[in-house]
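As structure tokens, the structure follows; a few thoughts come after it.
The values are calculated or read from the model by the stated rules, or taken from the named source; none is laboratory data. What you see is a predicted model; the values in this text were computed from it and never measured. Don't worry about glycine lacking a Cβ; one is built from the backbone with ideal geometry, like all the others, and counts go over all protein chains shown.
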Amino acid sequence: MDTLDLFQEDASLPAQYWETFAHKRDMEPEKRLLLAVLDEAIRCYRSQIFIGGRRFTEVQSWLFSEDIDDTFSFRNICDVLNLSPSRIRQSLRTWKPPAVRRSTQRVRRPARSQAPYAGALLAHRSI
């Protein structure tokens, strides 16, 4: 998944979000690092939302924390990237995974050959 797909499911995001991601290559390395941290947290949240567990709990508490004292807090990262923390949180609360498309046609595997080992055939013929 490309970083530009971060908010793909939420088509109503303001232009400022897309502008931030469209100019990703023009960002300073520090901002790209912050964007990578945010990207990883959102990916983890989405991939483990229905599974739960310790990692999900940690990411969820980081994403929904109001902490501004930590350099890498969610709020501070959003401020540096000019993103709205409340808008991202709203997007995460309402996010639903894409429907899994199942094929109606079963894929058949070729049957295994029941032929005996070729070496055994050669040995049998020489007798």
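Among residues of the range 59-88 that are within 21 Å of Glu28 (Cα to Cα), those with a beta-carbon under 7 Å from a residue that is surrounded by fewer than 16 Cβ atoms within 10 Å (Cβ to Cβ) and hydrophobic (A, V, I, L, M, F, W, C) at least six positions away or on a different chain give the pairs Phe72/Val37; Arg75/Ile68; Asn76/Ile68; Ile77/Val37. Taken together, the residues in the range 63-82 that are assigned to a loop (DSSP other than H, G, I, E, B) and within 17 Å of Arg46 (Cβ to Cβ) amount to 1. Considering (1) part of a loop (DSSP other than H, G, I, E, B); (2) modelled with pLDDT of 65 or more; (3) loosely packed, with under 12 Cβ neighbours inside 10 Å, the lone condition that Thr57 does not fulfil carries the number (1).
Looking across the range 20-48 at every residue that is among the hydrophobic types (A, V, I, L, M, F, W, C) and modelled with pLDDT under 85, the one that is farthest from the chain's Cα centre (by Cα) is identified as Met27.
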